[in-house]
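Undergrad: First the structure, which I've put down as structure tokens, then a few questions once you've had a look.
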Amino acid sequence: MWDQRYSNAEYVYGTAPNDFLREQFQKIPAGGYVLCLAEGEGRNAVFLAEQGYKVTAIDRSEVGLNKALKLACDKGVAIITHVTDLADYALGEAQWDGIVSISAHMPEAVRQHVHAQVAPALRPGGVMILEAYTEQQLEMEGVGGPPASQKEMFMSLEKLRAELSDLEEVKGDEVQRNISEGKMHSGPSAVVQFVGRKN
């Protein structure tokens, strides 16, 4: 499905970074190593590389990551990509200064598996930045988020606080905001925003 979604020349989520990431990225130690989860066509990874970070982008879609590499080349920066399923990927131990999760919706068991690895994978002072749709998105008129048949993929602040409890919560909110990220994320949106730091 993702290969098909990314198969044309258009960047379906645009080429500009997520607004919340743009507001928060400087909380990640400058020049550090950053892992971008479910990064798709690379807009956030490329933005972070432009800010001087050493970025690794992972996604299950080779088509999407090839577009990420093209975007990086067009912008004159380098990123590392790995085609992998998050259910199978090991985040590592004390490896990252930042982990970025923007609209990385996944089945609940996979999400819990991934989030359990976040604190061990971060270096001391490392930061996780996350934005995802909440179930309230089903009541909004905008475009984005999992379908109603996959409600378990929506996130909430309560879930994130439980799953990322080993991090110090720097910021945690459920908000409604207008999102304009290509044709697939557009309009009024209900999201959860979370920033956590490893002490």
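Undergrad: Provide the net charge surrounding ASN44, with neighbours chosen by a C-beta distance below 14 Å and charges set as Lys +1, Arg +1, Asp -1, Glu -1. Working shown, then result.
TA: On the way: positive: ARG22, ARG43, LYS67, LYS75; negative: ASP19, GLU23, GLU39, GLU41, GLU50, ASP59, GLU131, GLU181.
Result for the local shell: -4.
Undergrad: Still on this structure, I have one more. How big is the dipole moment of the chain about its Cα centre under a simple scheme where the beta carbon of each Lys and Arg is +1, that of each Asp and Glu is -1, and everything else is neutral? Debye, nearest 20, please.
TA: About 460 debye.
Undergrad: With no solvent and one point per C-alpha, what does the Debye sum give as log10 I(q)/I(0) for the stretch 104-199 at q = 0.11, 0.12, 0.20, 0.23 Å⁻¹?
TA: Debye output, listed in q order: -0.33, -0.39, -0.96, -1.15.
Undergrad: Mind listing which GluC sites (Glu not before Pro) in the stretch 102-199 are in a DSSP loop and have 14 or fewer other Cβ atoms within 10 Å?
TA: Answer by residue number: GLU141.
Undergrad: Checking a compactness column here: for the stretch 121-164, what do you get for Rg(Cα) / (2.2 N^0.38 Å), N being the number of residues?
TA: Against the empirical 2.2 N^0.38 Å value, I get 1.43 for the stretch 121-164.
Undergrad: Return the Cα extents of the stretch 143-199 along principal axes one, two and three, sorted largest first, each rounded to a whole Å.
TA: Rounded to whole Å, the extents work out to 38, 24, 15 Å.
Undergrad: Next up: Largest first and in whole Å, what are the equivalent-ellipsoid semi-axes of the stretch 69-142 based on the Cα gyration tensor, each being the root of 5 times an eigenvalue?
TA: The three semi-axes for the stretch 69-142 are 23, 20, 13 Å.
Undergrad: Once you compute Rg and the Kirkwood Rh from C-alpha atoms, what is the Rg to Rh ratio for the chain? Please list the in-between numbers first.
TA: Numbers: Rg = 15.4 Å, Rh = 16.6 Å.
For the chain, the value is 0.93.
Undergrad: Which ³J(HN,Hα) values, rounded to whole Hz and listed in residue order, are derived for the stretch 34-45 from phi using the Karplus coefficients 6.51, -1.76 and 1.60 in 6.51 cos²θ - 1.76 cosθ + 1.60 with θ = phi - 60°, glycine and proline given as x?
TA: Karplus values, whole Hz, x for Gly and Pro: 10, 10, 9, 8, 6, 7, x, 8, x, 4, 6, 4.
Undergrad: Given the rule -39500 (n - 2.57) for each run of at least 4 DSSP H residues, summed and divided by the residues of the chain, what is its mean residue ellipticity at 222 nm, to the nearest 500 deg cm²/dmol? Intermediate results must be reported in sequence, preceding the final value.
TA: On the way: 6 runs with 53 residues, N = 199.
Calculated from helices alone, the mean residue ellipticity at 222 nm is -7500 deg cm²/dmol.
Undergrad: Let me ask you something else. From the residues SER180, LEU130, LEU160, which one has its Cα farthest along the dipole of the stretch 125-189 in the positive direction, the dipole being from +1 and -1 charges on Cβ of Lys/Arg and Asp/Glu about the Cα centre?
TA: SER180
Undergrad: Identify the residues of the stretch 68-105 with backbone N under 17 Å of a label point that sits 7 angstrom from the Cα of ASN8 along the Cα-to-Cβ direction, or state none.
TA: Answer for this model: none.
Undergrad: Can you list residues from other chains, or at least 5 along the same chain, whose modelled amide H is less than 5 Å from the amide H of CYS36?
TA: THR56, ALA57, ILE58, VAL100
Undergrad: May I pose another question? Around LYS198, what is the net charge, scoring Lys/Arg as +1 and Asp/Glu as -1 over all other residues with Cβ under 9 Å from its Cβ?
TA: Result for the neighbourhood of LYS198: 0.
Undergrad: Report the full-extension gain for the segment SER156 to LYS70: residue separation times 0.36 nm, less the Cα-Cα distance, to one decimal in nm.
TA: 27.6 nm
Undergrad: For the chain, what does the relative contact order come out to in percent, with C-alpha contacts under 8 Å and a separation of six or more? Kindly include the intermediate steps, with their values, before the conclusion.
TA: Values: 455 pairs, mean separation 40.0, N = 199.
Relative CO of the chain lands at 20 percent.
Undergrad: With the crude spin-label approximation of a point 7 Å out along Cα→Cβ, what separation in nm comes out for GLN95 versus GLU174?
TA: 3.3 nm
Taken together, the values in this text are just the output of simple stated rules run on the coordinates, not laboratory data. Everything quoted here is computed from the prediction, not taken from an experiment. Using ideal geometry, Cβ is built from the backbone for each residue, glycine included, and neighbour counts are taken over all protein chains shown.
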